[in-house]
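Bear in mind these aren't lab numbers, they're just calculated from the coordinates by the rules spelled out. Every value quoted in this text rests on a predicted model; they were computed, and no experiment measured them. In this analysis, Cβ positions are derived from the backbone assuming ideal geometry, glycine residues included, and neighbour counts consider all displayed protein chains.
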Amino acid sequence: MTNPIADPIVEVPDTDAMTPLVHLDSTPEGAVTVWINRPARKNAFDAATIAALHQAFETLHGAEGVRIVFLRGVGGAFSAGADLEWMKAAADWSEDDNRDDALGLAHMLKALHDIPALTVALVEGPAFGGGAGLVAACDHALATADAKFAFSEVKLGLTPATISPYVIAALGPRTAKLLFATGRVFDADQAWSYGLVDEVFDDAAGLVAAQDALVEEVALCAPGAIGDAKALVNDFVGQKIDRGLLDETARRIARRRVSDEGQEGVRAFLERRKPGWTI
């Protein structure tokens, strides 16, 4: 398989150092890691970082052969949330300016949510505010035991509005209300109990081992089928099981059966060989 990402660097420079705010690593198995690259700021958000993430996520929508996307912060911190300098500037903006700025974060999170490949947050250190929102917007989340989380906006007189759809979907309304209203800081084990994190590991080495295991799993799966399988959940969650839904499920599996991947997968199984998409 060719490298699924033609240009692995999203060139949006940091204001502190002329280095990419976000960079992408890819493997022949179709695994891509999106790195938030502001370690001196604990990978906190500002408008430029949000724009760089949005660009990276949009790139992954059309990247051929991508099966899984990992999101991680450089330097042992996932994301400390909003950058202080950015917050200072926003304090003097009008309501319209603040709405336009918030839409940047909202669209970035939607772009992450809509990536066809399986998305996995790899969390170390802080994941606060918008950083915790990134975790919720991913399909799966792994964390080290020292990770810390918070939706601390209420302590600043704000609310976690733009990240709320993803957090509510991940945690459920009751837990989301508690964490939004208190702004409490909670650890990785508590994040697991709330449903924000799916597995907790002792250290970064355990996180990387779990990442490698996931890559091995998805390398056996057809990239297009992964995207279509994920779409089943996004499209059918909460839907009434009626005749319309039955017809739609039948239509989707029929379309998969006649697809190139479906035809190749069934033939490979019957011929007792590996399908062409395996590495």
When F180, F236, F186 are arranged by how many other beta-carbons sit within 10 Å of their Cβ, fewest first, they go F236, F186, F180
Contact order relative to length of the chain, as percent, for alpha carbon pairs under 8 angstrom and 6 or more apart: 15 percent
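Please rank D114, D97, fewest neighbouring Cβ atoms within 10 Å first, as an exposure proxy. All intermediate terms of the calculation are to be shown ahead of the outcome.
Details: D114 16, D97 12.
By the 10 Å Cβ count, ascending: D97, D114.
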Fully extended contour minus Cα-Cα distance, from A229 to E199, at 0.36 nm per residue: 8.6 nm
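Using a Förster distance of 51 Å, how high is the FRET efficiency between A210 and K240, based on the Cβ-Cβ distance and rounded to 0.05? Walk me through the intermediate numbers first.
On the way: r = 36 Å, r/R0 = 0.72.
Using R0 = 51 Å, I get an efficiency of 0.90.
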Any of K88/K155; K110/K230; K110/K148 with alpha carbons more than 19 Å apart? Name them for me. K110/K148
By how many degrees, 0 to 90 and rounded to 10, does the Cα axis of helix 47-61 deviate from the longest principal axis of the chain? 0 degrees
Apply 1/(1 + (r/R0)^6) to the Cβ-Cβ distance of M87 and T278, taking R0 = 51 Å, and write down the FRET efficiency to the nearest 0.05. 0.60
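Only helical DSSP H runs with n ≥ 4 go in: add -39500 (n - 2.57) per run for the chain, normalise by residue count and round the 222 nm mean residue ellipticity to 500 deg cm²/dmol. Display every interim value, and only then the final one.
Details: 11 runs with 129 residues, N = 279.
That calculation yields -14500 deg cm²/dmol at 222 nm.
Largest first and in whole Å, what are the equivalent-ellipsoid semi-axes of the chain based on the Cα gyration tensor, each being the root of 5 times an eigenvalue? Can you show the working numbers first?
Working: eigenvalues 220, 97, 70 Å².
Calculated on Cα positions only, the semi-axes equal 33, 22, 19 Å.
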What is the fewest-to-most order of H54, H107 by other Cβ atoms lying within 10 Å of their Cβ? H107, H54
Pulled fully out, how much extra length does the chain show between A268 and T249, if you take 0.36 nm times their separation in residues and subtract their Cα-Cα distance? 4.4 nm
I'd like to know which of T182, N43, P126 lies farthest towards the positive end of the charge dipole of the stretch 9-218, counting +1 on Cβ of Lys and Arg and -1 on Cβ of Asp and Glu. T182
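Would you work out the Kirkwood radius for the stretch 24-171? I mean one over the mean of 1/r across all pairs of different Cα atoms, in Å.
Evaluated over the stretch 24-171, this radius sits at 15.4 Å.
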Nearest 10, in degrees from 0 to 90: the angle of helix 260-270 to the longest Cα principal axis of the chain is 60 degrees
How far is helix 223-236 tilted, in degrees, relative to the longest principal axis of the Cα atoms in the chain, given as a value from 0 to 90 rounded to the nearest 10? 60 degrees
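Between R99 and D189, what's the calculated FRET efficiency when r is the beta-carbon distance and R0 is 51 Å? Round to 0.05. Each step should come with its number before you reach the end.
Values: r = 37 Å, r/R0 = 0.73.
My answer for the efficiency is 0.85.
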